[in-house]
Amino acid sequence: MDVRATWATRIGFILAAVGSAVGLGNIWRFPFLTGESGGAAFLVVYLALVLLIGIPVLLVEFVIGRRSNRNPIGAFTELNHSQWKIAGAVGALAGFIILSYYSVVGGWVIQYLIAGLSGGYSAGGDAEVFFVETASGTGAIAFHALFMALVAGIVALGVRNGLERAATVMVPSVIILLVGLAIYGSTLSGATEAYQYYLYPDTSTLLADAVEVLPAAAGQAFFTLSLGMGVMVTYASYIGEDRNLLSDTGLIVGIDTAIAILAGLVVFPFLFTQGITPGDGGAGAIFISLAGAFAELPAGNLIGAVFFFMLLLAALSSAFSIFEVVVSFVVDRFDIERAPASIGLAVVIFVLGIPTALDLNYLDAYDLFANNILLILGGLLMSLFIGWVYASDAREEIQKGRSASWFGGFWLATVRYFVPPVLLITLALAVIEYYEFLQSTFF
Ligand code: PHE
């Protein structure tokens, strides 16, 4: 076993994990899905899943990583259960697909950043038209290429750590900007209706709604916490055994969830005030609502530029973590050097993403498959491994770093008996839903 460096400080680990977790998932995907899924019921189910499934699965990944000192590709072999490597392969495939369209959305962010700097978000004053022009076409492809080049270039130049440290500025800035915008949103005419929509579920239909939104909410919980792909396995492979995994988990999940909730508090008042039905905003929800708001605000273009710059940093630090998993997999599996593997993969991922930069239906198709199916499958496999194959070692591992002694048993029981059935049901529903989506969209 090689001796690995451990994070010099707890903050190093937290920053990397938060840098991966906080990204387009919180600010772009969460409000967009909430809008498409009918609002408050989605929020409730999402929060429940973060708490009941996200936290235990995050700990599963942390335990695999810290126990094995490896990335997800090598971890299972190191733990003498190499057949479970399949979980790593599922994760790598998910990452490969996710990054291809994540980069396209990253390209939108760059375009909005430039629009702010150059003085305007409106195409003849219409934020929706501006979004449509940004999201698809040659411009979208060009900025997708630029985002992918930034990801690969920064990783290749080895300045990634510097950028991860930027999270110390990025995360507080994002929170301050969102809080400010949410306060401004609360003064708008659409605010009451928006809160009604976003925060107050219709209790008479909540149960039926919950089943309906389960796959989407679970996919979102995994996506936003960077779960199911083994990203957190890799990060935890560097943490020392004296760390209390549970308190780190609480901090990471808390920050990530707070940012998503805030994003919703910004987006919905803006959308309702602009007279846009939340579901109609689609993948453009955050872009359309913010561009509309920045066009009205004093110094709106400047605030917009700062906001989209921070969002770009958040997106880049998440994208590295995805790229890392994919590159490690290819380096390991095909025995290629890291540098050519990175360049080759960046090109392939760019090409794979092109359809999503031409037609938002493809973006949905990639996104639903990778998140609602592959990430959940990856999480299910890792949980089955820990709960049923590696349980006693896992319990010993989580107990290190002074976790309360009842906690290990409680966590393990959850991972054994609760997480797998919920994820299985979710997965079955997701597959059915995906089939229906493909039928109705492409055939
Ligand atoms: N969590 C990131 C976000 O919210 C995306 C991501 C997904 C990163 C899966 C790594 C793994 O933007």
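The values are calculated or read from the model by the stated rules, or taken from the named source; none is laboratory data. Bear in mind the structure is a predicted one, so any value in this text is a computation, not a measurement. FYI the Cβ positions are ideal-geometry reconstructions off the backbone, even for glycines, and counts take in every protein chain you see. When the accessible area is computed, the model is the full protein with side chains, heavy atoms only, and any ligands, DNA or RNA have been set aside. Shrake-Rupley method; radii C 1.70, N 1.55, O 1.52, S 1.80 Å.
With respect to the conditions (1) under 24 Å from the mean Cα position of the chain (by Cα); (2) touching a residue at least 40 places away in the same chain (Cβ under 8 Å); (3) open to solvent by 50 Å² or more (accessible area, probe 1.4 Å), residue 186 lacks only one, and its number is (1). Scoring residue 207 on the criteria (1) open to solvent by less than 70 Å² (accessible area, probe 1.4 Å); (2) assigned to a helix (DSSP H, G or I) leaves a single failure, condition (1).
Checking each residue in segment 33-58 for being within 16 Å of the ligand (Cβ to nearest atom) and open to solvent by 10 Å² or more (accessible area, probe 1.4 Å) picks out 33, 47, 49, 55. Scanning segment 226-244 for residues that are more than 10 Å from the ligand (Cβ to nearest atom) and closer than 15 Å to residue 382 by Cβ yields 233, 234, 235, 236, 237. For segment 295-325, the set of residues classified as more than 12 Å from the ligand (Cβ to nearest atom), open to solvent by 20 Å² or more (accessible area, probe 1.4 Å) and farther than 15 Å from residue 28 by Cα consists of 295, 296, 297, 298, 299, 301, 302, 303, 306, listed by residue number. Selection of segment 397-440 for residues being among the charged types (D, E, K, R), more than 26 Å from the chain's Cα centre (by Cα) and part of a helix (DSSP H, G or I) yields only 397.
Listed by first and then second residue, the pairs with beta-carbon distance under 7 Å, at least 6 apart or on different chains, first residue in segment 312-328 and more than 13 Å from residue 155 (Cα to Cα), second more than 9 Å from the ligand (Cβ to nearest atom) and not in a helix (DSSP H, G or I), are 313/166.
Against the definition (crowded, with 24+ Cβ neighbours inside 10 Å and hydroxyl-bearing (Ser, Thr, Tyr)), how does residue 328 come out, yes or no?
Details: crowded, with 24+ Cβ neighbours inside 10 Å: no; hydroxyl-bearing (Ser, Thr, Tyr): yes.
For residue 328, the condition - crowded, with 24+ Cβ neighbours inside 10 Å and hydroxyl-bearing (Ser, Thr, Tyr) - is not met.
Here segment 331-352 is the region considered, the condition is being at pLDDT 90 or above and open to solvent by less than 60 Å² (accessible area, probe 1.4 Å), and the residue that is farthest from the ligand (Cβ to nearest atom) is 344. Among the residues of segment 77-111, those identified as among the aliphatic types (A, V, I, L, M), surrounded by 24 or more Cβ atoms within 10 Å (Cβ to Cβ) and more than 12 Å from the ligand (Cβ to nearest atom) are 87, 90, 104.
Examine segment 368-388 for a residue that is modelled with pLDDT of 95 or more, open to solvent by 60 Å² or more (accessible area, probe 1.4 Å), in a helix (DSSP H, G or I) and farther than 30 Å from residue 109 by Cα, and state whether such a residue exists. Steps first, answer last, please.
From segment 368-388, those modelled with pLDDT of 95 or more are 368-388; that's our starting set.
Now narrow it down to the ones that are open to solvent by 60 Å² or more (accessible area, probe 1.4 Å): 369, 388.
Now narrow it down to the ones that are in a helix (DSSP H, G or I): 369, 388.
If we keep only those that are farther than 30 Å from residue 109 by Cα as well, we get 388.
For segment 368-388, residues modelled with pLDDT of 95 or more, open to solvent by 60 Å² or more (accessible area, probe 1.4 Å), in a helix (DSSP H, G or I) and farther than 30 Å from residue 109 by Cα: present.
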